[in-house]
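K.L.:
Please find one structure pasted underneath; my questions will follow.
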Amino acid sequence: MKLLVISSASFIRSDSGWQAYTPYVNEMEIWQRYSDEIQFCCPIWESDRGLFVRKVPFVMNEPVVLEEFNIKSVSAILRTVLILIPNSVRIFKAIRTADHIHLRCPGNVGLLACFVQILFPNKIKTAKYAGNWDPKSKQPWSYRLQKWILNNTRLTKNIKVLVYGEWEGASANIKPFFTATYTEKDKKETPLRIPEGTIKLLFVGTLSKGKQPLYAVKLAHKLLESGYNVRLDLYGEGAERENLTAYIQENKLQQNIELHGNQKAEMIEKAYQESHFLILPSQSEGWPKVVAEAMFWGCVPVATKVSCVPTMLANSERGILLTMSEKEDIKLLKQCIDHHHDYKKKAIQAMEWSQQFTLDYFENEIQKILTNH
């Protein structure tokens with residue numbers, strides 16, 4: 001079986017072989033195990049452009065090269081028109097010679113592939129929609145268009161669209177799915193932390209406006225002002241670092257809040273195992289990986305009501321859903337800190353839920369999709 005993967009995710013040429021974004025390579029390594037050959041239809045870079053990459057560890061056919069494009073400006077739209085036809089032709093030819101078509105959405109290439117795949121109703125297809133499938137969320141028109149095409153059973157046939165969460169209005173094309181980080185072997189007895197003494201808060205993610213790390217800092221600040229002994233550790237880099245540093249220095253919070261930058265997975269895992277709460281005030285998510293990872297180690301998630309987060313947290317039974325009102329959110333945190341039984345219950349339920357979704361289970365589900373479609 002020849003598997004064709006169509007994606008905006010670029011591959012990079014190097015002297016030692018092909019490279020790509022590390023989490024993407026990790027997942028594709030699983031998909032390729034259940035195909036006889038694999039080919040990618042995507043843009044090609046000559047350097048990694050600062051991306052966190054790894055060498056592709058499996059044999060792959062020479063990629064079908066697509067030109068990168070976007071539609072964010074008038075000049076970009078004009079350029080897109082010029083490359084739209086050759087890109088469409090390349091995607092069409094690649095699909096024609098493949099047995100199983102796998103689309104990666106949302107993205108510009110994914111949108112184009114959504115249109116081209118309509119011409120192949122009998123081809124077996126899957127699509128992974130890595131963004132927020134919530135039909136009520138505010139999203140770019142191109143994202144909404146991709147979701148509409150993929151969900152439409154008249155236009156898109158013979159497909160399983162893997163989405164995060166269960167949503168009203170989902171057609172027979174849609175299959176609720178998940179992403180995993182840890183294996184069955186990673187499961188081990190993790191002592192539950194009781195929130196007393198130093199309350200350890202954690203933020204993991206890009207320091208961007210969309211992730212709102214400053215809100216996590218402000219919550220920690222409010223708890224300190226309320227007399228709680230709090231420590232907040234932030235892992236990640238991004239444009240908001242300067243604003244965070246300024247706020248921390250201005251309010252003399254250096255002893256309680258620390259920016260660690262990007263760190264290795266082992267250090268992040270240790271932080272999950274030692275922290276009481278993960279704070280994620282993100283404005284948008286697909287599958288919030290850090291929430292599932294924190295839950296795996298009994299770290300109670302405190303996150304916004306975006307995408308499938310309310311389902312993951314069972315509407316606050318396995319964590320705390322932020323309202324984005326400082327006064328209300330501090331009240332919710334205090335209640336959980338002050339009532340150890342409630343905290344312990346949330347931590348146990350979070351751990352039990354997250355530990356279902358291991359890489360072993362993920363691989364088993366991928367195998368079913370590719371062999372039993």
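K.L.:
Name the pairs whose Cβ atoms lie under 7 Å apart, with the first residue in segment 354-373 and in a helix (DSSP H, G or I), the second of a type in the set (Asp, Glu), and 6 or more positions between them or separate chains?
P.N.:
Asp360/Glu184
K.L.:
Here's a follow-up. Testing Tyr143 on (1) touching a residue at least 24 places away in the same chain (Cβ under 8 Å); (2) in contact with a helix residue (DSSP H, G or I) (Cβ under 8 Å, 6 or more places away or on another chain), one condition comes back false. Which one is that?
P.N.:
Going through the list (1) touching a residue at least 24 places away in the same chain (Cβ under 8 Å); (2) in contact with a helix residue (DSSP H, G or I) (Cβ under 8 Å, 6 or more places away or on another chain), Tyr143 breaks only (2).
K.L.:
So, one more: Output the residue which, of all residues in segment 214-228 that are in contact with a helix residue (DSSP H, G or I) (Cβ under 9 Å, 6 or more places away or on another chain) and without any contact (Cβ under 8 Å) to a residue 40 or more places away in the chain, is surrounded by the fewest Cβ atoms within 10 Å (Cβ to Cβ).
P.N.:
So the residue we want is Leu214.
K.L.:
I need the full set of residues from segment 167-198 which are surrounded by 12 or more Cβ atoms within 10 Å (Cβ to Cβ) and closer than 14 Å to Trp133 by Cα, in order please.
P.N.:
Residues satisfying the conditions are Trp167, Ala170, Ser171, Asn173, Ile174, Lys175, Pro176, Phe177, Phe178.
K.L.:
Only one of Asn87, Asn122 is under 26 Å from Thr371 (Cβ atoms), of a type outside the set (A, V, I, L, M, F, W, C) and more than 19 Å from the chain's Cα centre (by Cα); which?
P.N.:
The conditions single out Asn122.
K.L.:
How about segment 175-190: which of its residues are in a loop (DSSP other than H, G, I, E, B) and free of Cβ contacts under 8 Å to residues at least 12 places away in the same chain?
P.N.:
Within segment 175-190, Lys188, Glu189 qualify.
K.L.:
Okay, next question. Given (1) free of Cβ contacts under 8 Å to residues at least 24 places away in the same chain; (2) under 24 Å from Leu84 (Cα atoms); (3) surrounded by 18 or more Cβ atoms within 10 Å (Cβ to Cβ), where does Asn152 come up short, assuming only one miss?
P.N.:
(3)
K.L.:
Moving on. Out of (1) part of a loop (DSSP other than H, G, I, E, B); (2) in contact with a Lys or Arg (Cβ under 9 Å, 6 or more places away or on another chain); (3) in contact (Cβ under 8 Å) with a residue 60 or more places away in the chain; (4) surrounded by fewer than 22 Cβ atoms within 10 Å (Cβ to Cβ), what's the single condition that is false for Lys160?
P.N.:
(1)
K.L.:
Which numbered condition trips up Leu322, out of (1) at pLDDT 95 or above; (2) surrounded by fewer than 22 Cβ atoms within 10 Å (Cβ to Cβ)?
P.N.:
Of the numbered conditions (1) at pLDDT 95 or above; (2) surrounded by fewer than 22 Cβ atoms within 10 Å (Cβ to Cβ), the odd one out for Leu322 is (2).
K.L.:
Which of the residues that make up segment 7-38 are touching a Pro at 6+ places or on another chain (Cβ under 7 Å) and under 20 Å from Gln367 (Cα atoms)?
P.N.:
Matches in segment 7-38: Glu29 only.
K.L.:
Which count do you get for residues in segment 202-248 that are among the aromatic types (Phe, Trp, Tyr) and touching a strand residue (DSSP E or B) at 6+ places or on another chain (Cβ under 7 Å)?
P.N.:
So the count comes out to 3.
K.L.:
Considering only residues that are under 17 Å from the mean Cα position of the chain (by Cα) and hydroxyl-bearing (Ser, Thr, Tyr), which ones fall in segment 262-283?
P.N.:
Answer for segment 262-283, where residues must be under 17 Å from the mean Cα position of the chain (by Cα) and hydroxyl-bearing (Ser, Thr, Tyr): just Ser282.
K.L.:
Pairs only if they're at least six apart or on different chains, beta carbon under 8 angstrom, first in segment 340-351 and surrounded by fewer than 18 Cβ atoms within 10 Å (Cβ to Cβ), second part of a helix (DSSP H, G or I); list them, first residue then second.
P.N.:
Sorted first by the residue in segment 340-351, then by its partner, the pairs are Asp342/Gln335; Asp342/Cys336.
K.L.:
Among the candidates Ala271, Ala303, Ala294, single out the residue that is more than 26 Å from Leu162 (Cα to Cα), assigned by TED's automatic domain parsing to the domain that holds Ile337, touching a strand residue (DSSP E or B) at 6+ places or on another chain (Cβ under 7 Å) and not polar (S, T, N, Q).
P.N.:
Every option except Ala271 fails the conditions.
The values are calculated or read from the model by the stated rules, or taken from the named source; none is laboratory data. Everything quoted here is computed from the prediction, not taken from an experiment. Quick reminder, even Gly has a Cβ in these numbers, built from the backbone with ideal geometry, and neighbours come from all protein chains shown.
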